[in-house]
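*Asks:* Structure in structure tokens, see below.
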2 protein chains.
Amino acid sequence: MTPRLPAFTDAPVRQSSVRAHNLALALTTVVNSANPISRAALASATGLTRATVSALVDELIAGDLLTEVEPPPRTGAGRPAAGLAPAPDGPVGLGLEINVDYLAACVVDLTGAVRHRLVSHADQRPVDAAQALSGLAALAGRARELAEADGLRAAGAALAVPGLVGADGRVRVAPNLGWQDVDARALLQAELDLPVAVDNEANLAALSELRAAGGRPSFVYVSGEIGIGAGLVLDGTLYRGVRGWSGEIGHVSIDPDGPACRCGAHGCLELFAGQEAIQSAAARSSTARALTAAGRALGIALAAVVNLLDVDTIVLGGGYAPLVPDLAGPIEAELRRRVLTFDLAPVELRAAALGADAAMRGAADAVIRSVQQDPAAWLANRLSGRAS
Amino acid sequence: MTPRLPAFTDAPVRQSSVRAHNLALALTTVVNSANPISRAALASATGLTRATVSALVDELIAGDLLTEVEPPPRTGAGRPAAGLAPAPDGPVGLGLEINVDYLAACVVDLTGAVRHRLVSHADQRPVDAAQALSGLAALAGRARELAEADGLRAAGAALAVPGLVGADGRVRVAPNLGWQDVDARALLQAELDLPVAVDNEANLAALSELRAAGGRPSFVYVSGEIGIGAGLVLDGTLYRGVRGWSGEIGHVSIDPDGPACRCGAHGCLELFAGQEAIQSAAARSSTARALTAAGRALGIALAAVVNLLDVDTIVLGGGYAPLVPDLAGPIEAELRRRVLTFDLAPVELRAAALGADAAMRGAADAVIRSVQQDPAAWLANRLSGRAS
DNA sequence: GCCAAATAATTCAGGCAATAAACAAATCCG
DNA sequence: CGGATTTGTTTATTGCCTGAATTATTTGGC
């Protein structure tokens, strides 16, 4: 069988694209392998010949994307292998986050290590969007200087925003920040002189969960803050929707005739399982009861997600992560009752691996992921960047 | 900018894959263009050079996938162009459907024309799965003979089933047929000696809506029969879920404390908007009221879908299609209330283009789509098939 | 201690597919 | 009728992968 290219077809392929694709294949295979891997192992893992892999690896090493490291443990006779691993001094991603009461920036390298991390606590509501973003750009600039002092060059930046973000990087609405129609990408790009991506915080937090997972995982990441957002990872890729507004699980209806929501509808999930709802319910009765009720509502909404999307894993993040021991029971009870296929295959429910840093970390991951998925572009860009 | 291959990377690419990809690109571009297109226009549409396009087209014509037709209307000076169009005598797809009270088969060619259509009305519940499938195989065999009498060769078959179908073609459950764990693919493949795909009827019906749509549409297709199923088309591809069980919208919760559903949960959409629910409600009050109530429930469930997936179009099919004039009002009212982004961008609601044939037609489409997306495989197969 | 077996990595000729540029074909228009 | 124009083909060149042969480096048996 001839290996097939992905199904959707809308751009021509030429020899250079073949190279680009195979460079990405080699690099991602090295990055995703737990231990250093030899060229020979890489060849058999990818299906390319050893000759080709050698050439690709040479190019990736020359481009500071891979390095040779100590060989993996020996296994019998033969010439020892040279181990390959992502280069710690290769391009880094700048992960940025803005929220109601803090600004944050981090620097993550190709190995996934966080090299620097800066957080600035300050209420962002009094200042306007331009000021907030310029404060963030300053923080990002400091993070970048720290990175450059280590000899690290940033491939780009990504920003996590608690709001609706369009595909063009414009923030349409960010209720808690009081933002409306803010071209965050343009503003940051101008100040940083770097490619900048902007995305919803739940989407980026979901991406951060993708780090450890092998294969092509599909899961819903639910982030419980003041609002409730979800990031959908389907077949290993973040699904953003037609306009980038996917994952608004907070306004899924739990009780169509329930209390009025600030969105104008009635009985939204947020009213039952949002941070404020949990707190006020805890004050009225007990924390245990409040969490049971919230878990039940979450379970109803998540059952709808699983019925619709057939994902096999649910990740609870943000404010929900520490509450998982209390929430898991009621959520699972509802899933068992309402997911049509529950008896055929279970749904895994787990807490997010990262805590409050998930969105910022996912933002940085998004940058290095873009380098991993198109190393040829980075290599070309790197040279022209140095020339300028 | 170098054209980029799709993001996910897990197979090596070699020269033959380049050819395969560009053959698919050329073929799908011709198929998707409304009028016959010239080689030169094809070159500028795809971004390939005219020389390359000529070579690709020669191969596609030799393989009975394209034909030269009358040139499109002239536009000024220059050598007249030769028109290209999908070949009507190329490979055909066999679309099959099994349901409670009928079996059906159709033959669809590369141009999308239905060449033959056979329906056999008979209650399938009394017979067991093996018998039903062998009856279907017989019907499919007749359709295939009709096609072969026209000199048409079947590239494969696809079967639409009202139930949960795994990725391996096994039917896990089909409640209305009384099926459980039926390896429909193996049984049909053995009798037809053709590659057979099996999928849920709503999924395939959704595919049939993809025919006219250009670009990379994203929509939900909702099919209202005895149960309610949905097919999700995201970015131009059918999303099947991890195990192939996506789209079970019928058991999304409308009222968590509502009446008991046969699935074991309470207040599922099916109890408010299923065929039986509408009929009994109509008997109790009036048809108009029954449809308003059903529309309201559908609107609540669809608002959840739109909030989660950010699709911009909803297609009502199956039993809902003729009811759209009555359902649209209440559905839209709920969408307006509950979809968070409704004010930013509207959601289009429309009736399915095809009626009862949608699933069978979508099945045939799936087959010819697979040829269009990998013509190289068909060309290789075709030769070896003739040799044997 | 040395040689055979084994495994890793590189080198080199060959082939395939795309590109670019020149050429041939067929029409319009003045 | 001849130049301009557009379509489609031919030819030389280039890039990248493959496969086989070659070099490099170790283990293990005698």
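The values are calculated or read from the model by the stated rules, or taken from the named source; none is laboratory data. If you're wondering where the values come from, they're calculated on a predicted model, not measured in any experiment. Note that each Cβ is placed from the backbone with ideal geometry, even for glycine, and that neighbours are counted across all protein chains shown. To get the accessible areas, we keep the full protein, side chains included, count just its heavy atoms, and leave off ligands, DNA and RNA. Shrake-Rupley method; radii C 1.70, N 1.55, O 1.52, S 1.80 Å.
*Asks:* Test each condition in (1) over 30 Å from B:Arg14 (Cα atoms); (2) touching a residue at least 60 places away in the same chain (Cβ under 8 Å); (3) of a type outside the set (Lys, Arg) for A:Leu103 and report the one that comes out false.
*Replies:* Unmet condition: (2).
*Asks:* For region B:1-112, give me every one of the helices (runs of 4 or more DSSP H) that falls completely inside it and has 3 or more residues that are of a type outside the set (Gly, Ala, Ser) and within 13 Å of chain A (Cβ to nearest Cβ).
*Replies:* B:15-32, B:50-62
*Asks:* A:Leu349: part of a loop (DSSP other than H, G, I, E, B) and either within 19 Å of B:Ile249 (Cα to Cα) or in contact with a helix residue (DSSP H, G or I) (Cβ under 7 Å, 6 or more places away or on another chain) (or both), yes or no?
*Replies:* Working: part of a loop (DSSP other than H, G, I, E, B): no; either within 19 Å of B:Ile249 (Cα to Cα) or in contact with a helix residue (DSSP H, G or I) (Cβ under 7 Å, 6 or more places away or on another chain) (or both): yes.
Answer is no for this residue.
*Asks:* Looking for something modelled with pLDDT under 95, open to solvent by 20 Å² or more (accessible area, probe 1.4 Å) and away from chain A (no Cβ under 14 Å) - is there at least one such residue anywhere in region B:365-378?
*Replies:* Within region B:365-378, none of the residues are modelled with pLDDT under 95, open to solvent by 20 Å² or more (accessible area, probe 1.4 Å) and away from chain A (no Cβ under 14 Å).
Every residue, every condition in (1) open to solvent by less than 50 Å² (accessible area, probe 1.4 Å); (2) modelled with pLDDT of 95 or more; (3) within 15 Å of DNA strand D (Cβ to nearest atom), yes or no:
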| position | (1), (2), (3) |
| --- | --- |
| A:Arg14 | no, no, yes |
| A:Leu42 | yes, yes, yes |
| A:Val57 | yes, yes, yes |
| A:Gly93 | yes, yes, no |
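*Asks:* More than 30 Å from B:Leu133 (Cα to Cα), of a type outside the set (Ser, Thr, Tyr) and more than 16 Å from DNA strand D (Cβ to nearest atom): which single residue out of B:Ala104, B:Ala34 fits that description?
*Replies:* Only one candidate passes the filter, namely B:Ala34.
*Asks:* Something else: Can you tell me which residue is most open to solvent (accessible area, probe 1.4 Å) among those in region A:218-244 that are facing another protein chain (nearest Cβ under 9 Å) and part of a loop (DSSP other than H, G, I, E, B)?
*Replies:* A:Arg240
*Asks:* Residues in region B:119-135: is at least one crowded, with 21+ Cβ neighbours inside 10 Å and modelled with pLDDT of 95 or more?
*Replies:* yes
*Asks:* Quick one: B:Val339 ticks every box in (1) away from every other protein chain (no Cβ under 14 Å); (2) open to solvent by less than 30 Å² (accessible area, probe 1.4 Å); (3) aliphatic (A, V, I, L, M) except a single one, so which number is it?
*Replies:* (1)
*Asks:* In addition: Identify, please: which residue in region A:82-91 is at pLDDT 95 or above and touching a Lys or Arg at 6+ places or on another chain (Cβ under 8 Å) and is, among those, farthest from A:Ser54 (Cα to Cα)?
*Replies:* Out of the qualifying residues, it is A:Pro91.
*Asks:* Give A:Thr313, A:Thr287 a once-over and let me know the one that is more than 8 Å from chain B (Cβ to nearest Cβ) and out of contact with any Phe, Trp or Tyr (no Cβ under 8 Å at 6 or more places or on another chain).
*Replies:* A:Thr287
*Asks:* For the condition within 14 Å of chain B (Cβ to nearest Cβ), open to solvent by 10 Å² or more (accessible area, probe 1.4 Å) and under 24 Å from A:Pro256 (Cα atoms), what is the one hit in A:Ala282, A:Ala293, A:Ala277, A:Ala297?
*Replies:* Just a single option satisfies the conditions, and that option is A:Ala293.
*Asks:* Looking only at region B:245-261, count every residue that is at the interface with another protein chain (Cβ under 7 Å from one of its Cβ atoms) and either open to solvent by less than 10 Å² (accessible area, probe 1.4 Å) or of a type outside the set (D, E, K, R) (or both) and tell me the total.
*Replies:* Count: 9.
*Asks:* Quick check on region A:59-91: of everything there that is within 8 Å of DNA strand C (Cβ to nearest atom) and at positive phi, which residue is surrounded by the most Cβ atoms within 10 Å (Cβ to Cβ)?
*Replies:* Per the stated criteria, the residue is A:Gly78.
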